[in-house]
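The block underneath contains the structure these notes are about, expressed in structure tokens.
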Amino acid sequence: MRLYIIRHAETEYNKLGLIQGSEVDSELNEIGRKQSELFYDFYKELNIEKIYVSGLKRTLQTVKRFIDNGIPYEKINDFNEISWGINQGKNDDLKEYKSLTESWKNGELDNKFNNGESPNEMVVRVMRGVDKIIKEKFASVLICIHGRALRVMLSKIIDNDLTKMDKYVHSNTSMYILNYDNGKFIIVDRNLRKHL
């Protein structure tokens, strides 16, 4: 199985440097709409059998051209972004934000903001989504998710170690290509941005 995994295109929250988690169902901004067009134009010839998006509209909007072209899709709410709880919508240079993400690198993976979600909580649902996709046995799928969801997914299926999640660099509409065979995931290419 070949998996094309991309982060959604830009929203105003991204542009303004605001913390944007599962609580915010934001739309793509003008730059994001352009990024999604460029992504589609560059990759429209890929033989994608099915598309998976999160339950948040920014992922669906990013890959809408593929769907409009007849590729079946499914929303998987388990792929929603992490919940940032009480710090949702605040500037991402917030001291508490940096402190929290640093603690995750140090293995404190149950840490979270009040009313938020920890990586150890998030990985359970993300892997439910991955397992569902694997069981469907398509040859080639496109998955559009969120920045932290992407990091949690890759650090789990590649390293089995969530403390490594920040090594998975990404930007809006950047893509990772993975192969899956017999229980093993291998990264073929990472953080592809040549369409932009």
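The values are calculated or read from the model by the stated rules, or taken from the named source; none is laboratory data. Quantities reported herein were computed from a predicted structural model and do not represent experimental measurements. Cβ coordinates were reconstructed from backbone atoms using ideal geometry, including for glycine residues, and neighbour counts include every protein chain displayed. Accessible surface is based on the protein model in full, side chains and every heavy atom, while ligands, DNA and RNA are left aside. Shrake-Rupley method; radii C 1.70, N 1.55, O 1.52, S 1.80 Å.
Among the candidates K44, K34, K64, the residue that is open to solvent by 10 Å² or more (accessible area, probe 1.4 Å) and either small (G, A, S) or within 29 Å of E117 (Cα to Cα) (or both) is uniquely K64. When we screen A139, A149 for residues that are surrounded by 15 or more Cβ atoms within 10 Å (Cβ to Cβ) and either of a type in the set (G, A, S) or in contact with a Pro (Cβ under 7 Å, 6 or more places away or on another chain) (or both), the only hit is A149. Of all the listed residues (I6, I76, I31), the sole one being modelled with pLDDT of 95 or more, of a type in the set (A, V, I, L, M, F, W, C) and touching a Leu at 6+ places or on another chain (Cβ under 8 Å) is I6. In the stretch 68-92, the residue that is nearest to K132 (Cα to Cα) out of those that are of a type in the set (V, I, T) and more than 18 Å from the chain's Cα centre (by Cα) is I71.
The residue that is farthest from the chain's Cα centre (by Cα), among those in the stretch 172-192 that are on the phi < 0 side of the Ramachandran plot and surrounded by fewer than 14 Cβ atoms within 10 Å (Cβ to Cβ), is D181. Meeting the requirement of 1 or more residues that are charged (D, E, K, R) and more than 18 Å from L150 (Cβ to Cβ), the helices (runs of 4 or more DSSP H) wholly within the stretch 49-112 are 64-68, 95-105.
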